[in-house]
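Trainee: My questions all concern the structure below.
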Amino acid sequence: MKLLEDRIREEGVVKEGNVLKVDMFLNHQMDVFLFRQMAKEWKKLFADAGVNKILTIEASGIGIACIAAEEFGCKVVFAKKTQGKNLDGELYTTQITSFTKGRVFDVIVEKKFLGPEDRVLIIDDFLANGCALEGLIRIVRESGAELVGCGIAIEKGFQAGGAKIRSMGVHLESLAIIESMTPDGGIVFRE
Ligand code: 5GP
């Protein structure tokens, strides 16, 4: 998606350790006008899939998932990264290793928010090694819901996640795929 690639080129900052900072428009300050265009693109890519629920993970997925949910006309559920005290009822739980923090988190969704009646599109900001997506996919499968696909904003194509998720037969659509990036400013996108 050219609009997103342009913003990454103009405002993205490549850090050591294969981390791209996009906090100017995506995961600290949020450009919801850009989010709207991204959501419309996901709506086109998953047009006939009958999506009736969007699943994401806190915190950075929530903004884009909310705008996407408006386009699809459905509710959005976000997986929480630790078990809060005010959560009752039964939970789906899994563990993921955070790419940016290098820590293992428990990830939970209350069972009442996901079930066999749901056709789920997973939305997230980044795809790196695929750990976060795999965790969300495990939760969808455990719930008995149908996984329609995954919509990612930025896939780092030089890391293992994209190939892993696609080899599982999951319909994965990334709006920008980075082929390579270096801290001195060079970012190359996949055609
Ligand atoms: P994965 O589980 O695929 O290794 O990493 C995906 C998660 O890590 C995303 O939810 C995202 O929050 C975070 N992440 C991975 N790579 C980057 C990156 O380059 N920049 C930022 N800002 N977050 C990232």
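The values are calculated or read from the model by the stated rules, or taken from the named source; none is laboratory data. Every value quoted in this text rests on a predicted model; they were computed, and no experiment measured them. Methodologically, a virtual Cβ is constructed for each residue, glycine included, from the backbone with ideal geometry; neighbour enumeration extends over all protein chains shown. Note: areas computed on protein heavy atoms with side chains; ligands, DNA, RNA excluded. Shrake-Rupley method; radii C 1.70, N 1.55, O 1.52, S 1.80 Å.
Trainee: Please verify whether Ser143 is within 29 Å of Arg7 (Cβ to Cβ) and hydroxyl-bearing (Ser, Thr, Tyr), treating the condition exactly as stated.
Mentor: Numbers: within 29 Å of Arg7 (Cβ to Cβ): no; hydroxyl-bearing (Ser, Thr, Tyr): yes.
Against the criterion (within 29 Å of Arg7 (Cβ to Cβ) and hydroxyl-bearing (Ser, Thr, Tyr)), Ser143 does not qualify.
Matching residues to (1) farther than 22 Å from Asn129 by Cα; (2) out of contact with any Ser or Thr (no Cβ under 8 Å at 6 or more places or on another chain):
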{"site": "Lys15", "(1), (2)": "no, yes"}
{"site": "Gln29", "(1), (2)": "yes, yes"}
{"site": "Val51", "(1), (2)": "yes, yes"}
{"site": "Ile64", "(1), (2)": "no, no"}
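Trainee: May I ask you to list the residues in region 107-117 that are out of contact with any Ser or Thr (no Cβ under 7 Å at 6 or more places or on another chain) and surrounded by 21 or more Cβ atoms within 10 Å (Cβ to Cβ)?
Mentor: Across region 107-117, the qualifying residue is only Val109.
Trainee: Can you run down the residue pairs with Cβ atoms below 6 Å, 6 or more apart or on separate chains, where the first is in region 152-163 and within 8 Å of the ligand (Cβ to nearest atom) and the partner is open to solvent by 30 Å² or more (accessible area, probe 1.4 Å) and part of a loop (DSSP other than H, G, I, E, B)?
Mentor: Hits for this filter: Gln159/Asn129; Gly161/Asn129.
Trainee: Turning to a different aspect of this structure: Tell me which of these Lys15 doesn't satisfy, since it passes every other one: (1) basic (Lys, Arg); (2) exposed (fewer than 14 other Cβ atoms within 10 Å of the Cβ); (3) more than 11 Å from the ligand (Cβ to nearest atom).
Mentor: With (1) basic (Lys, Arg); (2) exposed (fewer than 14 other Cβ atoms within 10 Å of the Cβ); (3) more than 11 Å from the ligand (Cβ to nearest atom) applied to Lys15, the lone miss is (3).
Trainee: Could you list, in sequence order, the residues of region 108-134 that are in contact with an Asp or Glu (Cβ under 9 Å, 6 or more places away or on another chain), within 11 Å of the ligand (Cβ to nearest atom) and either of a type in the set (Ser, Thr, Tyr) or assigned to a strand (DSSP E or B) (or both)?
Mentor: Phe126, Leu127 - these are the residues of region 108-134 that are in contact with an Asp or Glu (Cβ under 9 Å, 6 or more places away or on another chain), within 11 Å of the ligand (Cβ to nearest atom) and either of a type in the set (Ser, Thr, Tyr) or assigned to a strand (DSSP E or B) (or both).
Trainee: Now, a different point. Looking only at residues that are part of a loop (DSSP other than H, G, I, E, B) and modelled with pLDDT of 90 or more in region 78-106, which one is surrounded by the fewest Cβ atoms within 10 Å (Cβ to Cβ)? Working first, answer last.
Mentor: To start, the set of residues in region 78-106 that are part of a loop (DSSP other than H, G, I, E, B) comprises 81-90, 98-103.
Remaining after also requiring modelled with pLDDT of 90 or more: 81, 90.
Working: Lys81: 18, Glu90: 8.
It comes out as Glu90.
Trainee: Hey, does region 18-32 have a residue that's open to solvent by 60 Å² or more (accessible area, probe 1.4 Å) and away from the ligand (no atom under 15 Å from the Cβ)? Spell out how you get there, then give the answer.
Mentor: So in region 18-32, the residues open to solvent by 60 Å² or more (accessible area, probe 1.4 Å) come out as 18, 21, 24, 28-30, 32.
Still in the running and away from the ligand (no atom under 15 Å from the Cβ): 32.
There is at least one residue in region 18-32 that is open to solvent by 60 Å² or more (accessible area, probe 1.4 Å) and away from the ligand (no atom under 15 Å from the Cβ).
Trainee: Restricting the search to region 37-63, which residues are part of a helix (DSSP H, G or I), farther than 16 Å from Gly149 by Cβ, within 13 Å of the ligand (Cβ to nearest atom) and touching a residue at least 24 places away in the same chain (Cβ under 8 Å)?
Mentor: Gly63 - this is the single residue of region 37-63 that is part of a helix (DSSP H, G or I), farther than 16 Å from Gly149 by Cβ, within 13 Å of the ligand (Cβ to nearest atom) and touching a residue at least 24 places away in the same chain (Cβ under 8 Å).
Trainee: In region 118-135, what residues are open to solvent by less than 40 Å² (accessible area, probe 1.4 Å) and either out of contact with any helix residue (DSSP H, G or I) (no Cβ under 9 Å at 6 or more places or on another chain) or β-branched (Val, Ile, Thr) (or both)?
Mentor: Answer for region 118-135, where residues must be open to solvent by less than 40 Å² (accessible area, probe 1.4 Å) and either out of contact with any helix residue (DSSP H, G or I) (no Cβ under 9 Å at 6 or more places or on another chain) or β-branched (Val, Ile, Thr) (or both): Val120, Ile122, Ile123, Gly135.
Trainee: Right, here's the next one. Of (1) closer than 20 Å to Phe72 by Cβ; (2) in a helix (DSSP H, G or I); (3) touching an Asp or Glu at 6+ places or on another chain (Cβ under 8 Å), Ile165 satisfies all except one. Which?
Mentor: (1)
Trainee: Now a separate question. Quick one: how many residues across region 1-36 are in contact (Cβ under 8 Å) with a residue 40 or more places away in the chain and either among the basic types (Lys, Arg) or not in a loop (DSSP other than H, G, I, E, B) (or both)? If you could, list the steps in order and put the result at the bottom.
Mentor: Within region 1-36, the subset in contact (Cβ under 8 Å) with a residue 40 or more places away in the chain is 1, 4-5, 8-9, 12, 14-16, 18-20, 22, 26-27.
Subset that is either among the basic types (Lys, Arg) or not in a loop (DSSP other than H, G, I, E, B) (or both): 4-5, 8-9, 14-15, 19-20.
Selection size over region 1-36: 8.
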